[in-house]
Amino acid sequence: MNWHAIRAIYRFEMARTFRTITQSIASPVLSTSLYFVVFGAAIGSRMGEIDGVSYGAFIIPGLIMLSLLNESISNASFGIYMPKWAGTIYELLSAPVSYVEVVLGYVGAAATKSMMLGVLILVTARIFVPYEIAHPLLMVVFLVLTAVTFSLFGFIIGLWADDFQKLQVIPLMIVTPLTFLGGAFYSINMLPPVWQKIALFNPVVYLVSGFRWSFYGTSDVNVGISLAAIVGFLLACMAAVWWIFRTGWKLRA
């Protein structure tokens, strides 16, 4: 394993984040803080509890997951797309670096940025809403697994994209709507029976539900199923990345 190459890619990507800290860190935290102000403080104070949890506290896992998914995809996709756009991807492919080391560098940096953001949002939430974390270890497991999985997914999107517009298509038109419909702001048990069954086809439901269980011990879906879902998606992304580098799809054209 070429740890020097991994460290070089990782440090380069992290340096890019700190050069644009306003866009990379401050902006998502500020946007999420507005959700806490509007939904947590303004609307939440006029709503009853959900599963024994105040509405303001109930939406914290959903808001963290919303930011985590979007930022993981965005960081990883932009990180690998820029070398493709600039043409330096060929230098990377011809260097004595395996695809595993390339993926570890880019995905590791993207996941680190996303987890930093998730922790910052968690700390910021304390300013607006009191909350407790019932299972901190499992919360960290969900945070890490989600960040790594969707960073891998974003890496695939970055390899697939032919222009900057395509980088935003899946996050904006698929991931964000699925997150809003995945129980980020409500329990799917509040839906009519038919829609509850339909909601179970939304993969984000399992992420939000499992993450919420680590906070409050309540969830819409069994936590074991939630863990299995995220691990299954992680394995699928790993298989897709292996196939891309094995065949050279979107890399050697």
Legend entry - helices (runs of 4 or more DSSP H) wholly inside region 163-234 containing at least 3 residues that are of a type in the set (A, V, I, L, M, F, W, C): 164-170, 193-199, 203-216
Legend entry - Yes/no for Gly52 being among the small types (Gly, Ala, Ser), more than 27 Å from Ile21 (Cβ to Cβ) and surrounded by fewer than 17 Cβ atoms within 10 Å (Cβ to Cβ): yes
Inset, instruction - Take region 13-27 and flag every residue that is modelled with pLDDT of 80 or more, surrounded by 14 or more Cβ atoms within 10 Å (Cβ to Cβ) and not charged (D, E, K, R). - result: Met14
Inset, instruction - Take Val241 and decide whether it is exposed (fewer than 15 other Cβ atoms within 10 Å of the Cβ), within 18 Å of Val103 (Cβ to Cβ) and not small (Gly, Ala, Ser). - result: no
Inset, instruction - Please state which of the following conditions Lys250 fails to meet, knowing it meets all the rest: (1) within 29 Å of Ile133 (Cβ to Cβ); (2) of a type in the set (Lys, Arg); (3) more than 16 Å from the chain's Cα centre (by Cα). - result: (1)
Legend entry - Scan of region 181-221 for residues that are without any contact (Cβ under 8 Å) to a residue 12 or more places away in the chain and not small (Gly, Ala, Ser), ordered by number: Leu191, Pro192, Pro193, Val194, Trp195, Gln196, Lys197, Ile198, Phe201
Legend entry - Only one of Val204, Val97 that is hydrophobic (A, V, I, L, M, F, W, C), surrounded by 14 or more Cβ atoms within 10 Å (Cβ to Cβ) and touching a Leu at 6+ places or on another chain (Cβ under 6 Å): Val204
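The values are calculated or read from the model by the stated rules, or taken from the named source; none is laboratory data. On a predicted model such as this, the values are computed, not experimentally measured, just so you know. Neighbour counts are summed over all protein chains in view; Cβ atoms, including those assigned to glycine, are modelled from backbone coordinates with ideal geometry.
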